[in-house]
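The values are calculated or read from the model by the stated rules, or taken from the named source; none is laboratory data. These numbers were taken from a predicted model, which means no experiment stands behind them. Note: ideal-geometry Cβ built from the backbone for every residue, glycine included; neighbour counts use all protein chains shown. Ligands, DNA and RNA are excluded from the accessible area calculation, which covers all protein heavy atoms including side chains. Shrake-Rupley method; radii C 1.70, N 1.55, O 1.52, S 1.80 Å.
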Amino acid sequence: MLSYRHAFHAGNHADVLKHMVLCLLLRHLNKKDKPYAVLDTHAGAGMYALNQAYAQKNSEYMSGIGKILHHRELRDLVPEYYQVIDSINTSKSGINFYPGSPLFSCALSRESERIYLCELHRSEFETVYKNFKRDRRVSINHTDGFEAMKSMLPLNPKRGLCLIDPSYELKSDYTQVLKALKTGLSRFPTGIFAIWYPVLGKLKDHSKNLTFDIKRTNAPLLQVELNIDGQSDDFGMNGSGMLIVNYPYGLYEELEQIMGPLFTALKDGKGSARLRILNEKD
């Protein structure tokens, strides 16, 4: 949706979960010497100022990074996540900037990697272009990320990760995600596909249907979900999750270590946390 601006939500509990998972996936890709590529379908601006108007409107970052910035156990478990955050917050006054997924991907990948960023929103594209145009590894595309799953796959190098995280402001995004994943699996069957989704109030939530539909692809599938409060009856976002297709070996165990302390730190009510293998690897 072209009116959507992620800056309103930067650094919230959903971003924390999404970016910690992304850091773990990059950790696994970095274990092998072979180069890889990352396709980010909805890149956003790449970095967000938390002390400016968008982020300050609802201060959503206080529900996320604001609660875990100095969390010792999580810093030990996911040092990569904090490494990137610390690198752009050099002031002693606290956290003023929060990285988007493009910055995590660029900061944690090596010189041999390729990063493909897609963003359709004109002003967001201009910002992400400005932020990453000097990095020779990065290709920045003013395009629909769903369409990029047709035109840009398989990735070059033919090893890597596709991060799919639309805003879901439009109900059609759910259908588009499933369609894009099926296209992706047909063109890039060995790729890792990491799909973020929101858990909304009962009147608007489609997370269970999306999970069921993706499970029916029969591809190896891991689900991690964190709800900071019980599901409401209206339209608010109570939590979020990630569906990881072709998940790497060892990811489940790493997430198992993280989810307990992360849930305890972020929960704002009853809430719930979920980690499960939906389709086993062969």
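Just a few scattered comments:
- Each residue in region 226-272 was checked for being part of a strand (DSSP E or B), open to solvent by less than 20 Å² (accessible area, probe 1.4 Å) and not β-branched (V, I, T), and 8 pass.
- Applying the set (1) over 20 Å from D15 (Cβ atoms); (2) open to solvent by less than 40 Å² (accessible area, probe 1.4 Å); (3) of a type outside the set (A, V, I, L, M, F, W, C) to R216 leaves exactly one unmet item: (2).
- Number of residues in region 136-160 that are in contact with a helix residue (DSSP H, G or I) (Cβ under 6 Å, 6 or more places away or on another chain) and farther than 19 Å from W196 by Cα equals 6.
- In region 23-74, residue nearest to the chain's Cα centre (by Cα) [restricted to those that are among the acidic types (D, E) and part of a helix (DSSP H, G or I)]: E60
- Region 191-213, subset open to solvent by less than 10 Å² (accessible area, probe 1.4 Å) and assigned to a loop (DSSP other than H, G, I, E, B), residue modelled with the lowest pLDDT: G201
- Put simply, of L275, L200 the only residue that is within 19 Å of the chain's Cα centre (by Cα), hydrophobic (A, V, I, L, M, F, W, C) and over 26 Å from V38 (Cβ atoms) is L200.
- Only one entry in S109, S93, S105 is farther than 21 Å from E169 by Cβ, surrounded by fewer than 15 Cβ atoms within 10 Å (Cβ to Cβ) and not hydrophobic (A, V, I, L, M, F, W, C), namely S93.
- Single residue of region 138-190 satisfying the filter (hydroxyl-bearing (S, T, Y), without any contact (Cβ under 8 Å) to a residue 60 or more places away in the chain and open to solvent by less than 40 Å² (accessible area, probe 1.4 Å)) that is nearest to F125 (Cα to Cα): S139
- A count restricted to region 152-184 and to residues that are within 29 Å of P35 (Cβ to Cβ) and part of a loop (DSSP other than H, G, I, E, B) stands at 10.
- The number of residues in region 45-79 that are among the aliphatic types (A, V, I, L, M), at pLDDT 90 or above and open to solvent by 30 Å² or more (accessible area, probe 1.4 Å) comes to 1.
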